[in-house]
Amino acid sequence: MTTNIHYLIAGMAVLLVVIWQYSRQRQMDDRNSRMFRRLLSVVSLDVAAELVSTGFILYAPYSFNVCRMLSNTVFYLFQALLPLLLLLYYVCTLCTSRVIAPSAVLRMGIPTIALVCIILTNPFTEMLFYFDGTGYRHGPWYLLLYISALLHIAGAAIFVAVHRASVSRRNLASLFAVFALAALGIAAQAVNPSVLTTGFGLSLSILAMYLTINNPCACMDSLTGLNDRKTMDSFHYNKQVEQFLHRAIEEDLFEVYYQPVYSLHRQRFVTLEALSRLRHPELGWISPDIFIRLAEKNHLITQITELQLRRVCRFLRENPALRASIANVKINLSPLDLIHSESGSHLIRILGEYGLPCSCFQFEITETVATEYSASLTRVAESLQAAGIGLCLDDFGSGYANLNTVMQLPFSVIKLDRSLLFHICTDKNAALFYQSIVSAFCRLGYRIVAEGVETQEEMELLRSWNVDMIQGYYFSRPLPPDDLLRLLTGSAEMQAENQA
Ligand code: C2E
Ligand code: CA
Ligand code: CA
């Protein structure tokens, strides 16, 4: 039997390129990146161990028997542990965003532990492999390792399929590419053991993961394909913000500003959007676009949402007249606020703690989130709707929305993104487009909010197209609570009512 080592060498080359590229990038310190680093190390060690053991088998003289046995045993141990690592630490973390409990690790690891015992006793039992005068020989149970790896991959694929609602489409595609490539490599080697394709398949799957899940070029300049200088320069800034976020959560340093939404028909403010604000002692105000993104990346956003919701609840409870004068307060939700089926009931429970009716609130979900997480969202959205909480589709027109999916969710309000508004006063096509969207959504029974209205001209155009609700600097910027009360109450009566 001649062993074809070329696939293995090609696999090692692919891995070295990934390691070289990856080490040149600035690496995020979030959980997914740490998982990827671990996986990359174990796969590299696995392929290196296979290369060393194959080298001994092919080229070492017979007197190197102990080295051959030892290196092959080490390689088999890697092969046994790798599928478990892939399944447990990578796939589970990616799908559930949770740390896996030790008891679950133990339960899932039972077949691997059994396999490790078989490998460790193999030098005596020779069930998996042995060496005779002609070289490497398979034992009667040699397929066990392949079967175990394929079963683990199948298990991981089923796990991902079950949790697909919590995984973004891009990550989903990447994970299934990983499973397919790894399984193909393993199956090919099981059928023809002289062709060493397992390492090659694993290397390609790591490459697929690297190119999507841990995309180092996520902050890439779309024109040049180079790393965005601004993002590189702001790396230090982002690090400082990330560190500050933990303290800000612990000490509840977030503030809530409110931007009122104006109804042209009723000629008064009818709802509010709650927007988080955070001030760093040295850096000053941090843009929500930055700290929300970093909080999402570091899995801190659910804590911020809860702090914000509690702050809004306290504000509404202390100001019953304000509560009576507006229809609801809109709260922005992030994907992580929505991926668990119990998320809805948790949010409802918080509202209950303050004795506020659910109808005081409306939750905003962006169109990208609505498109990417539609399955888990449906469950959460239904529980919110059943409790009487309205749902608003945010930023419509800012990205790409799968309208079909979006329309299956129980949204009552649609916010048209500010970007759609650009040029409506100067470009006929832009105006026609905006007007068509408004009339289509109105006919479908949705209420519309036009976001980002800054000028009278824009406002007049929107009025002529029968748009009722306007949010934008033209009517008001987001305001701190006291300024908001002053704007909305204006009159002494409401303040008097509040004190009564
Ligand atoms: P958003 O939900 O689309 O909120 C509206 C953003 O547009 C706000 O930016 C608001 O200040 C800004 N805006 C409103 N009217 C105008 C206008 O006429 N012209 C211009 N140029 N801008 C206008 P802000 O407060 O900086 O928030 C940015 C984003 O950060 C929000 O976009 C939202 O996605 C996110 N965000 C803010 N607070 C929270 C929060 O507590 N939780 C979550 N998950 N996201 C939040
Ligand atoms: Ca919003
Ligand atoms: Ca928006």
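Inspect the range 279-289 for any residue being assigned to a helix (DSSP H, G or I) and either within 16 Å of ligand 3 (Cβ to nearest atom) or open to solvent by less than 50 Å² (accessible area, probe 1.4 Å) (or both) and give the result as yes or no.
yes
Would you mind stating whether residue 154 is modelled with pLDDT of 90 or more, assigned to a helix (DSSP H, G or I) and within 22 Å of residue 188 (Cα to Cα)?
In short, yes.
Quick one: in the range 380-400, of everything that is assigned to a helix (DSSP H, G or I) and of a type outside the set (A, V, I, L, M, F, W, C), which residue is nearest to ligand 2 (Cβ to nearest atom)?
Filtering the range 380-400 for residues assigned to a helix (DSSP H, G or I) gives 380-387.
Applying the additional criterion that residues be of a type outside the set (A, V, I, L, M, F, W, C) yields 382-383, 385.
Numbers: 382: 21, 383: 21, 385: 19 Å.
Within the range 380-400, the match that is nearest to ligand 2 (Cβ to nearest atom) is 385.
Working only within the range 387-400, note down all residues that are surrounded by fewer than 19 Cβ atoms within 10 Å (Cβ to Cβ) and either more than 9 Å from ligand 3 (Cβ to nearest atom) or not polar (S, T, N, Q) (or both).
387, 388, 399, 400
Of all residues being under 29 Å from the mean Cα position of the chain (by Cα) and open to solvent by 20 Å² or more (accessible area, probe 1.4 Å) in the range 68-85, which is nearest to residue 56 (Cα to Cα)? Just the residue, please.
Once the filter is applied, the top-ranked residue is 81.
Condition (residue is within 30 Å of residue 459 (Cα to Cα) and part of a helix (DSSP H, G or I)) applied to the range 248-263: is it met by at least one residue?
First, pick out the residues of the range 248-263 that are within 30 Å of residue 459 (Cα to Cα): 255-263.
Imposing the further condition that a residue be part of a helix (DSSP H, G or I) reduces the set to none.
No - not one qualifying residue is present in the range 248-263.
Consider the range 302-335. How many of its residues are in a helix (DSSP H, G or I), farther than 17 Å from residue 481 by Cβ and either away from ligand 2 (no atom under 16 Å from the Cβ) or at pLDDT 95 or above (or both)? Break it down into steps so the answer makes sense when it comes.
To start, the set of residues in the range 302-335 that are in a helix (DSSP H, G or I) comprises 302-318, 320-325, 335.
From what's left, farther than 17 Å from residue 481 by Cβ: 302-306, 335.
Now restrict to residues that are either away from ligand 2 (no atom under 16 Å from the Cβ) or at pLDDT 95 or above (or both): 302-306.
Result for the range 302-335: 5.
Quick one: in the range 243-276, of everything that is charged (D, E, K, R) and either open to solvent by 60 Å² or more (accessible area, probe 1.4 Å) or touching a residue at least 60 places away in the same chain (Cβ under 8 Å) (or both), which residue is farthest from residue 293 (Cα to Cα)?
The selected residue is 266.
Checking residue 294 against (1) assigned to a strand (DSSP E or B); (2) open to solvent by less than 10 Å² (accessible area, probe 1.4 Å), which single condition isn't satisfied?
Unmet for residue 294, out of (1) assigned to a strand (DSSP E or B); (2) open to solvent by less than 10 Å² (accessible area, probe 1.4 Å): (1).
Inside the range 305-351, can you point out the residues that are buried (at least 22 other Cβ atoms within 10 Å of the Cβ) and basic (Lys, Arg)?
Residue satisfying the conditions is 330 alone.
Looking at the range 319-369, which of the residues that are β-branched (Val, Ile, Thr) and within 16 Å of ligand 3 (Cβ to nearest atom) is farthest from the chain's Cα centre (by Cα)?
329
When residue 44 is evaluated against the numbered criteria (1) within 29 Å of the chain's Cα centre (by Cα); (2) modelled with pLDDT under 90; (3) closer than 28 Å to residue 138 by Cα, which criterion, by number, is the only one it fails?
(2)
A quick yes/no check of all residues on (1) open to solvent by 50 Å² or more (accessible area, probe 1.4 Å); (2) away from ligand 2 (no atom under 16 Å from the Cβ); (3) closer than 22 Å to residue 462 by Cβ; (4) not aliphatic (A, V, I, L, M):
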{"site": "358", "(1), (2), (3), (4)": "no, yes, no, yes"}
{"site": "362", "(1), (2), (3), (4)": "no, no, yes, yes"}
{"site": "366", "(1), (2), (3), (4)": "no, no, yes, yes"}
{"site": "413", "(1), (2), (3), (4)": "no, no, yes, no"}
{"site": "423", "(1), (2), (3), (4)": "yes, yes, yes, yes"}
{"site": "427", "(1), (2), (3), (4)": "yes, yes, yes, yes"}
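The values are calculated or read from the model by the stated rules, or taken from the named source; none is laboratory data. As the structure is a computational prediction, the values presented were derived from the model and not from experiment. Counting neighbours? That spans all protein chains shown, and the Cβs are built from the backbone with ideal geometry, glycine included. Please note that ligands, DNA and RNA were not included when accessible areas were found on the heavy atoms of the full protein model with its side chains. Shrake-Rupley method; radii C 1.70, N 1.55, O 1.52, S 1.80 Å.
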